[in-house]
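The values are calculated or read from the model by the stated rules, or taken from the named source; none is laboratory data. Since this is a predicted model, take the numbers as computed values, not measurements. We place every Cβ from the backbone using ideal geometry, glycine too, and count neighbours over all the protein chains shown.
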Amino acid sequence: MRISGILLVSGLLGLGGCQSITAPATGNPPWYVTPQVGSYIELHQELTAREGKRIYIQNGDVRPKRDINELEPYCQFYVDRRGVEMREPLVIAEDRFIIESVFRKRDSTGLVRAHYASFDGGMDVGDSASQQTMSTYMEIFSDRQPQVTRLICSRWADPYLDNHVRLNEIHENLGDLATLVPAG
């Protein structure tokens, strides 16, 4: 009788975990939502980089790639440039970019050999992914700057966790430079 009572109570407590997640009543989109098609990114100031195809942003600051902490969320504007253009300064002017499509992607970023301790010095069990880059790709468009094609927000994460960049983290990373405005 005692065991069945414990099972009943633990079963009822477990059902609490099945409740749906509700957004706080702040009027802001919930933190776990993926940006929606039809939303837009309002760029409030000109962004520049010395060269290349990408402008990296972390915690509201434009940074060179080498200064990005990839363990923390970061975003990058991708610009379609080729050849000689790649060596010229990259500039994205203030503008509104419509989000035309959104998808998430995982990329393996490194392999590590797993070793387990034993009395004979260890047992090699092969390669396993040590980190993955979890990215949310937003295909964007502006009539004035059609060469600006994507906003990608990423982070490195454990391969067993679905730890894509959350909507609130995208807002935090864009800071005062840009605003992601929901569709509707």
Item to complete: Pairs only if they're at least six apart or on different chains, beta carbon under 9 angstrom, first in the range 92-117 and on the phi > 0 side of the Ramachandran plot and at pLDDT below 70, second surrounded by 14 or more Cβ atoms within 10 Å (Cβ to Cβ) and not in a strand (DSSP E or B); list them, first residue then second.
Response: none
Fill in: Lone unmet requirement of (1) assigned to a loop (DSSP other than H, G, I, E, B); (2) modelled with pLDDT under 85; (3) touching a strand residue (DSSP E or B) at 6+ places or on another chain (Cβ under 6 Å) for GLN131
(1)
Worksheet item: Just to be sure, is TYR74 under 16 Å from ARG155 (Cα atoms), of a type in the set (Ser, Thr, Tyr) and at pLDDT below 90?
Response: no
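Per-residue answers, yes or no, for (1) in contact (Cβ under 8 Å) with a residue 60 or more places away in the chain; (2) under 19 Å from GLN45 (Cβ atoms):
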{"position": "ILE140", "(1), (2)": "yes, yes"}
{"position": "THR149", "(1), (2)": "yes, no"}
{"position": "ASN163", "(1), (2)": "no, no"}
{"position": "PRO182", "(1), (2)": "yes, no"}
